[in-house]
Amino acid sequence: MFATAVLGFLTAGFSFTTVKALSGAGKGIEEWGCAMLTLGGAFLLWFLTPANSALFFLGNVLVVFTGLFLLRAFFRLTGEPFTLAGSIIIFLLGTSGIAATYYFGAPRSVAVVTIAASHLTMVIASSWRLLRSSESLHSTYRRVIVVVLLLLGGATSARIWIVLFGQGAAMVSPVASSGAQILTTSTAALLIVAGSLGYFGIVGEQQRQRLLENSRRDALTGLYTRGAFFEMAEKLLAGRNSPYSVLMIDLDNFKNINDTYGHVAGDEVIRQAAGVILHSIRDGDLAGRYGGEELCVLLPKCGNEAANIIAERIVHGAAEQVIHLLNGQSIVYTISLGFNTYEPTESHTLAPPKLEELLSSADAALYNAKKLGKNRVHAASNCLE
């Protein structure tokens with residue numbers, strides 16, 4: 001029990017010292033550190049004080065907080081904070097039996113059951129959240145956490161069974177030398193060691209993925225860089241023979257905007273145009289900065305008619321924008337857009353064109369849109385000779 005307390009304190013210290021080094025994961029690490037701190041505190045109080053003392057009672061409260069902090073940490077890990085209402089419910093579930101036992105003379109089994117019930121709720125909710133998160137379970141770290149949660153859930157369920165149908169609350173008291181309590185203490189130590197390794201491992205994976213994603217993004221627009229766009233587009237299209245469309249987009253009279261308002265204002269126009277594109281396309285579509293003020297979009301599983309609707313939405317959306325500069329001036333801008341669509345034939349005898357070929361024809365359509373007066377959409381199938 002003393003060793004488990006020391007492990008908890010050491011892990012809490014490690015958690016709190018690494019918060020600043022892990023940008024974007026600070027809250028989850030803090031929650032995990034609080035869980036380790038309260039767990040270590042609970043075991044230390046149980047080790048030092050007799051079972052009927054006020055400090056022993058405080059240890060029970062701390063271990064309820066442990067389950068609550070763990071649940072919040074797991075939800076943070078999957079990108080969704082646990083609600084305040086849910087936190088209050090878990091806390092009340094765990095402490096209601098403690099209050100009933102210490103203040104109203106209820107059997108000790110009531111406290112054991114409510115604490116175990118709050119922990120079992122944590123296990124179920126955390127496992128559910130991990131299993132339904134967008135990330136798969138291929139990660140070794142994630143498997144470790146799931147196994148630890150399953151073992152913790154099994155030990156917690158065993159405590160409830162022993163109290164309700166077995167030898168009673170005395171067999172699962174924190175100071176008992178029973179096999180059930182030794183299992184619980186061992187599971188707690190496993191949670192601290194293996195659970196922490198799994199948790200920090202997943203945080204590290206998320207950090208690496210975030211860094212990789214940032215390296216693929218254009219700093220000004222937030223769109224994918226040209227290289228990343230082609231790399232990801234090739235992966236999206238590989239081995240498929242379904243319709244797809246590409247858009248080539250260019251800001252109209254961009255040189256005049258730079259000359260009149262300055263390059264900072266020109267950058268803001270590009271940024272705003274990129275925002276219009278991201279707002280107009282669908283989930284799963286790919287948008288990139290092709291170069292300068294020229295942008296491109298890949299629309300997987302999108303035929304000619306649907307592509308035209310999205311293209312018109314982008315052009316009209318840009319024309320409605322008004323950019324207000326710090327010096328009080330305002331900029332209204334337009335864009336021209338060319339697009340082309342590949343739709344496989346029923347016989348599938350023709351090989352699908354390369355992405356570069358489709359983009360080239362879309363670029364030619366963009367040139368025609370410029371010739372026809374700008375601020376418009378033009379399809380490659382309607383290109384002027």
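Cβ contacts < 7 Å: first residue within 16 Å of Asn304 (Cα to Cα) and open to solvent by 10 Å² or more (accessible area, probe 1.4 Å), restricted to region 355-369; second residue assigned to a helix (DSSP H, G or I) and among the small types (Gly, Ala, Ser), any location; separation 6+ or different chain. Result?
Close Cβ pairs (under 7 Å, with a partner that is assigned to a helix (DSSP H, G or I) and among the small types (Gly, Ala, Ser)) amount to Ser361/Ala380.
Pairs please, first residue from region 194-208 and of a type in the set (A, V, I, L, M), second anywhere and not in a helix (DSSP H, G or I), Cβ atoms under 8 Å, 6+ apart in sequence or on different chains.
Ile202/Ser139; Val203/Leu22; Val203/Ala25
Where residues in region 370-383 are part of a helix (DSSP H, G or I) and modelled with pLDDT of 90 or more, which of them is most open to solvent (accessible area, probe 1.4 Å)? Spell out how you get there, then give the answer.
Filtering region 370-383 down to residues part of a helix (DSSP H, G or I) leaves 370-371, 380-382.
Among the residues that remain, those that are also modelled with pLDDT of 90 or more are: 370-371.
On the way: Lys370: 50, Lys371: 125 Å².
Only one residue fits best here, namely Lys371.
Which one of Leu62, Leu39 is under 18 Å from Phe9 (Cβ atoms), surrounded by fewer than 20 Cβ atoms within 10 Å (Cβ to Cβ) and either in contact with a Ser or Thr (Cβ under 8 Å, 6 or more places away or on another chain) or of a type in the set (Phe, Trp, Tyr) (or both)?
Values: Leu39 fails: surrounded by fewer than 20 Cβ atoms within 10 Å (Cβ to Cβ).
None of the other options fit; the residue is Leu62.
Ile192 - would you say it is out of contact with any Phe, Trp or Tyr (no Cβ under 9 Å at 6 or more places or on another chain), farther than 22 Å from Val6 by Cα and not polar (S, T, N, Q)?
On the way: out of contact with any Phe, Trp or Tyr (no Cβ under 9 Å at 6 or more places or on another chain): yes; farther than 22 Å from Val6 by Cα: no; not polar (S, T, N, Q): yes.
So Ile192 fails the test.
Please go through region 149-174 and give me each residue that is more than 23 Å from Phe47 (Cβ to Cβ) and either in a helix (DSSP H, G or I) or at pLDDT 90 or above (or both), ordered by number.
Scanning region 149-174 gives Leu149, Leu150, Gly153, Gly154, Ser157, Ile160, Trp161, Leu164, Phe165.
Looking only at region 27-83, count how many residues are over 16 Å from Met122 (Cβ atoms) and either part of a helix (DSSP H, G or I) or of a type in the set (Asp, Glu) (or both). Step through it out loud before you land on a result.
Just the residues of region 27-83 that are over 16 Å from Met122 (Cβ atoms), to begin with: 27, 29-30, 33, 37, 40-41, 43-59, 79.
Okay, now just the ones that are also either part of a helix (DSSP H, G or I) or of a type in the set (Asp, Glu) (or both), so 27, 29-30, 33, 37, 40-41, 43-48, 54-59.
Total meeting the criteria: 19.
Across region 16-26, what is the number of residues that are outside any helix (DSSP H, G or I) and open to solvent by 60 Å² or more (accessible area, probe 1.4 Å)?
Summing the residues that are outside any helix (DSSP H, G or I) and open to solvent by 60 Å² or more (accessible area, probe 1.4 Å) in region 16-26 gives 4.
Pairs, please: C-beta under 9 Å, at least 6 apart or cross-chain, first residue touching a residue at least 12 places away in the same chain (Cβ under 8 Å) and in region 114-126, second aromatic (Phe, Trp, Tyr)?
Here the result reads Ser118/Phe91; Met122/Phe74; Ala125/Phe74; Ala125/Phe75; Ala125/Phe82; Ser126/Phe74; Ser126/Phe75, each pair linking region 114-126 to a residue that is aromatic (Phe, Trp, Tyr).
Could you run through region 310-356 and say how many residues are at pLDDT below 90 and β-branched (Val, Ile, Thr)?
The number of residues fulfilling the criteria is 2.
Quick test of your reading of the structure: Leu92 fulfils all but one of (1) open to solvent by less than 40 Å² (accessible area, probe 1.4 Å); (2) aliphatic (A, V, I, L, M); (3) modelled with pLDDT of 90 or more. Name the failing condition by number.
Every condition holds for Leu92 apart from (1).
I'd like to know if region 237-250 contains one or more residues that are in contact with a helix residue (DSSP H, G or I) (Cβ under 8 Å, 6 or more places away or on another chain) and either on the phi > 0 side of the Ramachandran plot or without any contact (Cβ under 8 Å) to a residue 24 or more places away in the chain (or both).
Looking through region 237-250, none of the residues is in contact with a helix residue (DSSP H, G or I) (Cβ under 8 Å, 6 or more places away or on another chain) and either on the phi > 0 side of the Ramachandran plot or without any contact (Cβ under 8 Å) to a residue 24 or more places away in the chain (or both).
What pairs come out if I take residues in region 1-15 that are small (Gly, Ala, Ser) and in a helix (DSSP H, G or I) and pair them with residues that are at pLDDT 95 or above and open to solvent by 60 Å² or more (accessible area, probe 1.4 Å) whose C-beta lies under 9 Å away, six or more apart or interchain?
Gly8/Leu37; Ala12/Leu37; Gly13/Leu37; Ser15/Leu37
Scan region 175-193 residue by residue and report those that are touching a residue at least 24 places away in the same chain (Cβ under 8 Å) and part of a loop (DSSP other than H, G, I, E, B).
Selection gives Val175 alone.
Can you tell me which residue within region 269-298, out of those that are among the acidic types (Asp, Glu) and under 27 Å from the mean Cα position of the chain (by Cα), is most open to solvent (accessible area, probe 1.4 Å)?
Asp283
The values are calculated or read from the model by the stated rules, or taken from the named source; none is laboratory data. These numbers come from a predicted model, not from an experiment. Because the Cβ atoms are built from the backbone with ideal geometry, glycine has one as well, and the counts that use them run over all protein chains shown. For the accessible areas, the whole protein counts, side chains as well, though only heavy atoms, and no ligand, DNA or RNA atoms are used. Shrake-Rupley method; radii C 1.70, N 1.55, O 1.52, S 1.80 Å.
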